[in-house]
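> Quick one: the structure is below, questions incoming.
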Amino acid sequence: MTPMKRSLAFVLLPLLPAGAGAASDKPQSAEVFVTAQRTGDRLSAKAPAAFVPLPQPAENFPVIMADPKRSFQTIEGIGGALTDASAEVFAKLPKDKQEEVLSAYFDPVKGLGYSLGRTHIHSCDFSSESYTYVAEGDTELKSFSVDRDRRFRIPFIRAAMAAAKGPFKLFASPWSPPAWMKTNNDMLHGGKLKPEYADAWARYMVKFAQEYAKAGIPLWGLTVQNEPMAAQTWESCIFTAEEERDFVRDHLGPALQKAGLSGLKLMVWDHNRGIMYQRAQVVYDDPAASRYVWGAGYHWYVGDHFDNVRVLHDAYPEKAVFFTEGCQGPFDEKRLDEWAWGELYAESMLHDLNNWAAGWTDWNVLLDERGGPNHVANYVFAPVHADTRTGTLRYMSSYYYIGHFSRFIRPGAKRVACTSNDDDIEAAAFLNPDGRLSVVALNRTDRAIPFQLWVAGQAASVESPAHSIVTMVVPAQLKG
């Protein structure tokens, strides 16, 4: 996990209503939103860019070309993790700042419109302590209780769901079974699940989903194990690919099915891109295990390896690929204002989405002035930090960069064909359910780059400032 930060003002402009300006504009125009370094622009609405006929784009001038008639994966959502740490920091804020956080992240008009979230099954490193939901040795799960979560995490998740004002997809991940179920008798430092407890652990995960549903938080998805090849100083558990396959096939899959939860989107791997193909292949090539699995989750912490996401999709196109965690660190208050953190997010999001990712999930949505709380001092950055001593909020550049995706690429959108003829302009395009086309362009250079957005024989002229991200929203009528 690794983040970066910048002290930025909270400035968000409401989205225009669907199709706003399109019917009356002659010619039709694209809405333009810009975030740029060394300016005041933060998701700022700029002058619309008018389309004019252009049958043939030039080869020697920067052009982003989008074809809404050629579509690919459906986007499930974009969002972040609702952890113990985020919930505990949220609870320490004044009421007005709590409302600001909820609006800033989840409101689909005033904020980033997060529609996706991740949480953890009992404790993870971003908890104030290590804990489980059952008493030691209780394989029947008679003592199972999520009451500890009712103080901070469950209220925070419910508040986020309400602020989203629409469907909100939450998936959960376990960091470790209870210590007594493991070979090292420790929730931390790796270890493995003892075979004799595989059934109890599967039922434990099912029980979590059931108890959260009773609390008004139905799960959309589940991952088998967070980072199953990392023996961390915090909660962790090692699974080989074969062990994960067998656990899914013989225990977790049947337990979900028996409980009527087979509709949950079950994801394997949930670790880095590097060996995601091999890990998923082992599960997918076993039909008895594969039938329970929706797709493979992955993180970004060891190398980029963006092509591996596409290769896995191409080999198993019936399965989803899904970004489940990424952040930046270690935390250093002196680096909060560095602009590059946002660019790193955008680079990953563009490449992942262009390589078939069906969704993208940031790590903690909110952390404190130290990059925690964290019970093993694994402090990192989040897009928003709260100083719990003063009740103030600081927005990193990453907050705004993520917003250029989450705010304009809505659940149900389809990625469409999009190309750039300039190496310094990276882009992706998405056709939203309301018919509007959102095109995101990233410029990581030290110079402004004028370019054309070309759609269906028409072009609009736009400028991307130095170190900026630009989102253009094209009216549905243009494509008619």
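Here, each number is a calculation from the coordinates, and none is a lab measurement. These numbers come from a predicted model, not from an experiment. FYI the Cβ positions are ideal-geometry reconstructions off the backbone, even for glycines, and counts take in every protein chain you see.
> Taking the Cβ of each residue in Glu99, Glu211 as the centre, tally the other Cβ atoms inside 10 Å and list the residues starting with the fewest.
On the way: Glu99 14, Glu211 17.
Arranged by neighbour count, lowest to highest, Glu99, Glu211 become Glu99, Glu211.
> On C-alpha positions alone, give me the angle between the axis of helix 198-214 and the longest principal axis of the chain, in degrees, nearest 10.
60 degrees
> May I pose another question? Pick out, in residue order, every one of the trypsin sites (Lys or Arg not before Pro) in the stretch 199-265 that is DSSP loop and has at most 12 other C-beta atoms within 10 Å; say none if there are none. Working shown, then result.
Working: sites: Arg203, Lys207, Lys214, Arg245, Arg249, Lys258, Lys265; in loops: none.
Counting only loop positions with at most 12 other Cβ atoms within 10 Å, none of the trypsin sites (Lys or Arg not before Pro) in the stretch 199-265 qualifies.
> How big is the stretch 272-427 in terms of Cα radius of gyration and Dmax, in angstroms?
Answer for the stretch 272-427, Rg first and Dmax second: 17.5, 55 Å.
> Each label point is 7 Å from the Cα along the Cα-to-Cβ direction; what then is the distance between the points at Ser461 and Val376, in nm?
5.6 nm
> Label Asp285 and His189 with points 7 Å out from Cα along Cα→Cβ: what is the distance between them in nm?
It works out to 3.5 nm between the two label points.
> Give me the number: length gained by fully extending Glu318 to Arg151, i.e. 0.36 nm times residue separation minus the C-alpha to C-alpha distance, one decimal in nm. Write out the running numbers ahead of the final one.
Working: separation 167, 0.36 × 167 = 60.12 nm, distance 4.00 nm.
Contour length minus Cα-Cα distance gives 56.1 nm.
> Over what distance in Å are the Cα centres of the stretch 451-478 and the stretch 260-330 separated?
Centre-to-centre (Cα) distance: 33 Å.
> Only loop residues by DSSP count here, and only those with at most 12 other Cβ atoms within 10 Å; note down the trypsin sites (Lys or Arg not before Pro) in the stretch 33-104 that meet that.
Values: sites: Arg38, Arg42, Lys46, Lys69, Arg70, Lys92, Lys95, Lys97; in loops: Arg38, Arg42.
Passing both the DSSP loop test and the Cβ count: Arg38.
> Which distance in nm do the two modelled labels at Gln278 and Ala50 give, with both placed 7 Å along the Cα-to-Cβ direction?
5.8 nm
> Once every DSSP H run of n ≥ 4 in the chain is given -39500 (n - 2.57) and the sum is divided by its residues, what mean residue ellipticity at 222 nm do you get, rounded to the nearest 500 deg cm²/dmol? The partial results should precede the final answer.
Working: 11 runs with 111 residues, N = 480.
So the helix-based figure for the chain works out to -7000 deg cm²/dmol.
> How much length would be gained if the chain were fully extended between Ala213 and Glu242, taking 0.36 nm per residue of separation minus their Cα-Cα distance, in nm to one decimal? Display every interim value, and only then the final one.
Working: separation 29, 0.36 × 29 = 10.44 nm, distance 3.08 nm.
Net length gain for the segment: 7.4 nm.
> For the stretch 389-464, state the semi-axes of the equivalent ellipsoid (square roots of 5 times the eigenvalues of the alpha-carbon gyration tensor), sorted largest first and rounded to whole angstrom. Provide the component values of the computation, followed by the final result.
Working: eigenvalues 141, 75, 18 Å².
For the stretch 389-464, the semi-axes come out at 27, 19, 9 Å.
> Follow-up. Using the Kirkwood formula over every pair of different C-alpha atoms, what hydrodynamic radius in Å results for the chain? Show your work: numbers first, answer last.
On the way: mean 1/r = 0.0438 Å⁻¹.
Evaluated over the chain, this radius sits at 22.8 Å.
> Please compute the contact order of the chain in relative form: average sequence separation of alpha-carbon pairs under 8 Å and at least six residues apart, divided by the residue count, as a percent. Present the calculation step by step, with values, prior to reporting the outcome.
Numbers: 1157 pairs, mean separation 124.4, N = 480.
Relative contact order, the chain: 26 percent.
> What do you get for the angle between helix 153-164 and the principal long axis of the chain? Use alpha-carbon atoms, 0 to 90 degrees, nearest ten.
20 degrees
> Could you list, in their original order, any pairs among Lys142/Lys319; Lys92/Lys414; Lys92/Lys214; Lys97/Lys182; Lys165/Lys258 whose Cα atoms are separated by more than 30 Å?
On the way: Lys142/Lys319 36 Å; Lys92/Lys414 39 Å; Lys92/Lys214 26 Å; Lys97/Lys182 41 Å; Lys165/Lys258 32 Å.
As for pairs spanning more than 30 Å Cα to Cα, those are Lys142/Lys319; Lys92/Lys414; Lys97/Lys182; Lys165/Lys258.
> What are the semi-axes of the equivalent ellipsoid of the stretch 149-277, taken as the square roots of 5 times the eigenvalues of the Cα gyration tensor, listed largest first and rounded to whole Å? Display every interim value, and only then the final one.
Details: eigenvalues 127, 54, 47 Å².
So the equivalent ellipsoid measures 25, 16, 15 Å along its semi-axes.
> Hey, for a label at Thr233 modelled as a point 7 Å past Cα toward Cβ, could you say which residues of the stretch 324-366 have their backbone N under 18 Å away?
It comes to 328-333, nothing else.
> Note the angle between two axes, namely the Cα long axis of helix 95-106 and the longest principal axis of the Cα atoms of the chain, as a number of degrees from 0 to 90, rounded to the nearest 10.
In the chain, helix 95-106 runs at an angle near 70 degrees to the longest axis.
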